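> Would you mind keeping the following structure in view while I ask a few things?
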Amino acid sequence: MNKLSSIETFLLDLDGTFYLGDQLYPWSLPFVNACERLHKRFIFVTNNSSQNGDHYVQKLRKMGVAITDKQVFTAGQATIFYLKKYDYPKRIYLLGTPALEEEFRAAGFILTEKDPEIVVLGFDLTLTYEKLERACFFIRQGLPFIATHPDLNCPTPEGPIPDCGSMIALITASTGVKPKIIGKPFPEMIEALRERYGLEDPSTVAMVGDRLYTDIAMGNAAGITSILVLSGETKLEDVDATNAETRPDVIVENLGEIVKGL
């Protein structure tokens, strides 16, 4: 917990860390208030690409969190950043929700089922067999295959539901092709965060989340402080079974313990 005194920017996961579904955890607003009082920056970083950045901003504001549009960064936004930075083609076959489609169109991409030049997979809550069939057809033709994030399941109040990583597994099983994955814990997400938020000094940044293989793995890969909260997916016994790449620097029950540490 001594590491917390030097942290100037907290990168916060959402589901399982700050809220669960539409239910805000009781320790979340005290954490925000403590950060504001101590002039520490907090940025919400989520792999969930089923919604666009504006959705999360509005959701958090309704929960009583006063944030700017720039304080939320999604794997969908990171994917757009990556595709633009590395000059990928604009014609995309996108497996995604209407919200993700809106975000890609606003960024200048052309979403099409006719002669696309790249296939992009998000956490598609509107997924159909027809979409899967088309995506696999295009991927077999040799089109680049990009996925927003690797999460196998998404937490909900009713229990976990299949997420983008499970959809990746299905498409890869059919085509034999593994996608380029952008979101946590991959370097492309780290690169996008560093450039967007000017995170130049790793010793002043912490990643806080409830998943070892995304949140903690990204924090460790980026050389920043990794803080595991036990309010979501990961249990303490899971940490004992993990390897160095996914072993957190700090373990707390929830964000409330960080407030005490601050």
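> Could you say which residue among LEU83, LEU4 is over 14 Å from the mean Cα position of the chain (by Cα), closer than 24 Å to LEU152 by Cβ and either outside any strand (DSSP E or B) or in contact (Cβ under 8 Å) with a residue 60 or more places away in the chain (or both)?
It is LEU83.
> If LEU95 meets every condition in (1) touching a residue at least 60 places away in the same chain (Cβ under 8 Å); (2) under 19 Å from LEU125 (Cα atoms); (3) assigned by TED's automatic domain parsing to the domain that holds ARG194 apart from one, which number is that one?
Failed condition: (3).
> I've got another one for you. Select from region 176-196 the residues that are touching a strand residue (DSSP E or B) at 6+ places or on another chain (Cβ under 6 Å) and not in a strand (DSSP E or B) and list them in ascending order.
VAL177, PRO179
> Does LEU127 satisfy being outside the structural domain of GLN23 (by TED's automatic domain parsing), in a loop (DSSP other than H, G, I, E, B) and either of a type in the set (S, T, N, Q) or touching a residue at least 40 places away in the same chain (Cβ under 8 Å) (or both)?
Yes.
> Could I ask something else about it? Any residue in region 212-227 that is without any contact (Cβ under 8 Å) to a residue 60 or more places away in the chain sitting within a Cβ distance under 8 Å of a residue that is basic (Lys, Arg) and surrounded by 24 or more Cβ atoms within 10 Å (Cβ to Cβ)? List the pairs, counting only those 6 or more apart or interchain.
ALA217/LYS184; MET218/LYS184
> Another one. Please state which of the following conditions ASP115 fails to meet, knowing it meets all the rest: (1) touching a Lys or Arg at 6+ places or on another chain (Cβ under 8 Å); (2) closer than 25 Å to LEU12 by Cα.
(2)
> A further question on this structure: Within region 214-251, which residues are part of a helix (DSSP H, G or I) and of a type in the set (A, V, I, L, M, F, W, C)?
Listed by number, the residues that qualify are ILE216, ALA217, MET218, ALA221, ALA222, LEU236, VAL239, ALA244.
> If you don't mind, another one. With respect to ASN52, determine if the residue is touching a His at 6+ places or on another chain (Cβ under 8 Å) and of a type outside the set (Phe, Trp, Tyr).
No.
> Report, by residue number, each residue of region 110-135 that is of a type in the set (Lys, Arg) and either surrounded by fewer than 13 Cβ atoms within 10 Å (Cβ to Cβ) or under 20 Å from the mean Cα position of the chain (by Cα) (or both).
Listed by number, the list holds a single entry, LYS114.
> Which residue out of ALA107, ALA78 is surrounded by fewer than 19 Cβ atoms within 10 Å (Cβ to Cβ), closer than 20 Å to GLU188 by Cβ and touching a helix residue (DSSP H, G or I) at 6+ places or on another chain (Cβ under 6 Å)?
Only one candidate passes the filter, namely ALA107.
> When both residues are 6+ apart or on different chains and their Cβ atoms are under 6 Å apart, which pairs have a first residue that lies in region 31-58 and is touching a residue at least 60 places away in the same chain (Cβ under 8 Å), and a second that is basic (Lys, Arg)?
ASN47/LYS184
> Given the criteria farther than 28 Å from VAL57 by Cβ and part of a loop (DSSP other than H, G, I, E, B), does LEU143 qualify?
Yes: the conditions hold for LEU143.
> Mind checking which pairs have a first residue in region 233-262 that is among the acidic types (Asp, Glu) and a second that is surrounded by fewer than 18 Cβ atoms within 10 Å (Cβ to Cβ), Cβ under 6 Å, 6 or more apart or different chains?
Pairs that qualify, where the first residue is among the acidic types (Asp, Glu) and the partner is surrounded by fewer than 18 Cβ atoms within 10 Å (Cβ to Cβ), are GLU253/LEU230.
> Among the residues of region 110-122, are any outside any helix (DSSP H, G or I), of a type outside the set (Lys, Arg) and within 30 Å of SER231 (Cα to Cα)?
Scanning region 110-122 turns up at least one residue that is outside any helix (DSSP H, G or I), of a type outside the set (Lys, Arg) and within 30 Å of SER231 (Cα to Cα).
> Within the bounds of region 247-256, is there any residue that is surrounded by fewer than 23 Cβ atoms within 10 Å (Cβ to Cβ), within 18 Å of LEU14 (Cβ to Cβ) and under 15 Å from the mean Cα position of the chain (by Cα)?
No, the conditions are met nowhere in region 247-256.
> Here are some residues: PRO89, PRO155. Which one is touching a Gly at 6+ places or on another chain (Cβ under 7 Å), outside the structural domain of ARG196 (by TED's automatic domain parsing) and touching a residue at least 24 places away in the same chain (Cβ under 8 Å)?
None of the other options fit; the residue is PRO155.
The values are calculated or read from the model by the stated rules, or taken from the named source; none is laboratory data. Source: prediction; values computed, not measured. Cβ: placed from backbone, ideal geometry, glycine included. Neighbour counts: every protein chain shown.
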